[in-house]
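Computed from the coordinates by the stated procedures, all read-outs in this text should not be read as laboratory data. Everything quoted here is computed from the prediction, not taken from an experiment. Counting neighbours? That spans all protein chains shown, and the Cβs are built from the backbone with ideal geometry, glycine included.
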Amino acid sequence: MPFRLSRLTKKARFALILVAAAAIAGIVSLAAWAIMDHDNREPLVVAMVAPLSGADAGIGQAMRKGALIRVEAVNAAGGIGNRPVALKVFDDEGDATKSLDIARRLARDPTVRAVLGQHPDTIGRAAELYGNTGAPLVALLPAARMTEGAVNPWLFHLAFDRVFEARFLANYVRNVVGEATVAIVREDTEQASALADQVDKILQRFGTRLAGQWTFQAGRTSGADLEPLARQVKERMPTGAIIVLAGAVDSARAVVALRDASVRNLIAGPSELASAAFRTEIVALARGKAPEGYSHGLLMSSPILFDTANERAQRFYGQYAEQFNAVPDWAAAVGSDGMELILSGLVDQVASEGANQPNGEPRDGEALRRSIAGHNRAESAFAGTLGSWSFDDRQAAGIPVMMATYNGLNPIAALTQLQPIREAGVSNFLDEVSRGRALYVNDRFMYKTDVIYTGVQINEIRDLDPGRNEATLDLTVWFRYRGGFDPGSVLFINAQKPIELGKPYREERGASGTYVAYRVTERFSLNFTDVRHPYGSEIAGLSFRHRTLNRNNIMFVTDVLGMSLIDTDDFVEKLRATDAAEASGGAPAAKASWLSRLTEGNTEGSTLLSQLRARRVLAASPGWRLSRAWISQDIASVSTEGDPNFVGFGRPQPDFSRVDFGVVVVPDAFAARDVIPYQAFVHLAILGAVLAIFAAVMDRRDRGQFWRIQTLFLRVLSWPLLLTAISNMALDSAVAALPGSGVRMVVGFFEVLWWILPAILVNRTLERFLWTPLEIKSRRKVPDIVRRFATIIVFGFAICGIIAFVLKQPITSVLAASGIMGMVIGLAIQANIANVFSGIILNIERAFKIGDAVQITDTVKGVVVDMTWRTIRIRNAAGFIVAMPNGKVSEATVVNFSAVDRVWVKLEYHADSKHEPEFMAALLRDALRDAPGTMANAAGTQPFVRYDGMRSVDGQWLGKYNLIFWVKDYDATFSVPEKVWQSVYRTLTAKGINPSPPDLVPDGDTSAAAKALIAARPGKMTIPA
């Protein structure tokens, strides 16, 4: 039997419609996915050449991971010009020849847009090859010395050169640490030999000669091979400093050998000692001993220290640790900044080419190069993980050298840092040197900057008021320092009123320095930093700097040890995990679980955040939860305010070291964006749109109440789904592209829609479930004024909600004005309103309908000819139309004569008493049954006559007979009784009986009509109420 849709039940047909809608939505979603799938679009290729194996594999892997974080972030946001970015990594094994061979291959690949890395000994030649194809090279590893001669416009250096670093290290050891005896332990390479010569020159400049120099084979020396060397150093260097010049792994082996030989001298080295690869090798070589014992106290240089870094670097640290379960180092930060530098340039390049240009076509490499080279001034400085920096005239990034010392396995900022003095800023350099505030380092003067270790512990956040943009913080702040630093001069930037620290509640002074701690409970402004945070969230915390001493004098550094931000056991485990992951080819990124996102929302895990949660700092602020926390150091440029220390030529800039402790708090409520990715919102929007279209198409024809309910169901399902998806996608786009005011406008627009949409659905529900059924039941149209009145009420509530919850304005005055207006209008039309609502009730109860015979009160009796929402119209027996207000009708007793199948009628007849009652009753019964129109009742009872005794009529005693019968309807009660009287007349006359007593007949009128009238007059007709 062929399938026929008409044979299915309504529910089955509706189920098929839902299946069809889901199928169409699925097809459209697949098409959208294909369009959005960046993997199917030609990617923008960036190549990285780095040592992923060999002695420097740890550094190469860290660079790769740092770059990968930036690539994944860009691709997650939709790519560049709707095209994904592909990072292609090539392993040169730390070999210059292999690195150059890779460069030749990449130069022939037209898809490569830019290159990161390259072996330091090949960057000059590689840059020429890449430049010929329009691909910039961003060198990440320190070169032995910057290329001399003409500057290659396609080559950019992101690391200071090794000669500069070695000379800086020698200056620091000799003039800051004050070591008069220095020895060198180095690998037996040409580069290490050249660096040792530079160290020797710096020492000789200050009257110091090398106490000794020891070499070992690079990459092929074990701990046992280094034992004789370590014993010699122990014998010849009872005091003084030892500078180690080697790769990260070899430096670790040398340090372990020296410590195992009980060499307790200060050991210093370049940035290789600050790498995660160095620490990983230390842990591997510890062989059951505490690895911290080998690294503690080491001194080294580094382009970044995370305890002195800004918020961006702190965020990168958390992302790296969460994604790779590893500890980031300067190599990871350099890889991150190098990739971000290229990505920002790719935006300009793609814009100049057009987003759909294939990789094989000629590309605008000059646009990319110009974008990268444009970061050559302070105004266009690049703000990245390494801080804010710009390229110099040789296209080398001006990243300062930071000095660090190991506390256990954790590198922290040394107590003294060297900051370059700008020639245009200070004129009397020698005066600064004589005052002990500056040193002459690497042919330039540098400030000696004192480091202040700073810690903050927030104990409680209460009275959080986003409306007033403030909250009360109960916190502890402490400082560890040497010298004459005055904590009382600290300025809390976002405090609502000036804070005087007063007397510390804890204070310790000793040879190692001073420690002071203060308790503070004050109101602080929210959102005090420029850090972008999710819409709806707030940033609580504090920001402070010194009131008068700028960054040249002091630098605040996060006390990561005092704040317990470093767990040594966890630190060691992560180092071991890093080593294991690199040995196995790299571990996949760790992703937050769906359950975690559902219960905690999108949060950024960190030790600091865990501490705040453990202390329940938001216990006094219900309705909020912690999302992210950080503490960072940054540079704040402030107004001189006329301070003579900063005004005029030869004066330093008013740039201050600033500490920010930020806590991002978000409303403690479920948010779809916390658990649903952006791509899923696209598919939900498609599903909602398809269901809404199906509902609109189904409503084009009225198919009955069942389908009205189903289309309403589709709208109730699809509209909120569609609005949820579109609003979240719009919010994501607004946050990425618009300023805060623009984002607030977008959010406000959708918040208004969330009030309007339910109002529309409620209004449609009233139409489907109240007005339409009422019209069907009453068979008349509900007045437009009633519909509009209900619509005004529904949308009035929505408008009040918008005013109160979207615009955040009080609605008391609105409600008061609305109440007064409503009262005035209500008093003016209260009778009409009562009639309208009475009409609704009458139509719902259906006590009678048009065509029914009714009696209302004792005076109005007739047939209902019309029912409006204000009146009931009745035609009485005389043919007049009586209009009664619905309010009166609803309060009156109504008799509906048409509510029964047949109408009962009783006629009274008075006959001469001389007739036998039984005989007369039989005659009248025969007459009654012969009369046309008389009927039996519904139960089958035939018309009958009942003798009702004797009655005195006009002084004469007559017999009373009740003639009882039924007629079909109320109208018949007027016509059938006449026929009954005529039948009575005929029947009595035929039997020779006078129908009425003789003396009751008017004189001279003996007509049949007169006699019938006389016969009826003494009786009456009754219709039961």
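On a full-extension model of 0.36 nm per residue, what is the gain between T765 and R875, subtracting their alpha-carbon distance, rounded to one decimal in nm?
Values: separation 110, 0.36 × 110 = 39.60 nm, distance 3.76 nm.
Extending this stretch completely gives an extra 35.8 nm.
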- Message: Restricting to DSSP loop positions (anything but H, G, I, E, B) with no more than 16 other Cβ atoms inside 10 Å of their own Cβ, which trypsin sites (Lys or Arg not before Pro) remain in the range 272-375?
- Response: R287, K289
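So which trypsin sites (Lys or Arg not before Pro) in the range 667-775 are both in a DSSP loop and have at most 13 other Cβ atoms within 10 Å of their Cβ? Can you show the working numbers first?
Numbers: sites: R673, R700, R701, R703, R708, R715, R744, R764, R768; in loops: R700, R701, R703.
Of the trypsin sites (Lys or Arg not before Pro), the ones in loops of the range 667-775 whose Cβ has at most 13 other Cβ atoms within 10 Å are R700, R701, R703.
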- Query: lysines near K234 by alpha-carbon distance under 19 Å, same-chain residues fewer than 8 away left out - which ones?
  - Reply: none
- Message: For K65, give me every one of the lysines with a C-alpha distance below 16 angstrom, ignoring sequence neighbours fewer than eight places off in its own chain.
- Response: K88, K574, K591
- Note on the structure: Any chymotrypsin sites (Phe, Trp or Tyr not before Pro) in the range 204-297 that lie in a DSSP loop and have at most 13 other Cβ atoms within 10 Å would be F206
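Please give the net charge around V233, taking every other residue with its beta carbon less than 13 angstrom from that of V233, where Lys and Arg add +1 and Asp and Glu add -1.
Working: positive: R186, R231, K234, R236, R259, R264; negative: E227, E235, D260.
Counting the neighbours of V233, the net charge comes to +3.
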- Query: Nearest 0.05, what FRET efficiency do L18 and T857 give at R0 = 51 Å with Cβ-Cβ as r?
  - Reply: 0.40
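If I take R0 = 25 Å and measure r between the Cβ atoms of V895 and R929 in this structure, what FRET efficiency does the formula 1/(1 + (r/R0)^6) give, to the nearest 0.05? Before the final figure, lay out each step's value.
On the way: r = 28 Å, r/R0 = 1.12.
Calculated value: 0.35.
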- When each of K497/K808; K777/K849; K914/K960; K849/K968; K448/K503 is checked by Cα-Cα distance, pairs over 22 Å: K497/K808; K448/K503
- Roughly how many nanometres apart are two label points built 7 Å out from the Cα toward the Cβ at R616 and R125? 6.8
- Note on the structure: For the R744, T133 Cβ pair and Förster radius 41 Å, calculated FRET efficiency rounded to 0.05 is 0.35
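Give the dimensionless ratio obtained when the Cα radius of gyration of the range 38-103 is divided by 2.2 N^0.38 Å. Could you put the intermediate results ahead of the total?
Numbers: Rg = 13.6 Å, N = 66, 2.2 N^0.38 = 10.8 Å.
Relative to the 2.2 N^0.38 Å estimate, the range 38-103 comes out at 1.25.
Compare the peptides 159-172, 331-344 by average per-residue count of other Cβ atoms within 10 angstrom and give them in order, highest first. Could the numbers behind the result be given before it?
On the way: 159-172: 22.7, 331-344: 27.1.
The most tightly packed comes first, giving 331-344, 159-172.
So if each residue of separation counts as 0.36 nm, and I subtract the Cα-Cα distance between I792 and I850, what length gain in nm does that give?
17.7 nm
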- Can you give the direction-averaged projected area of the convex hull of the alpha-carbon atoms in the range 183-231, in nm²? 3.5
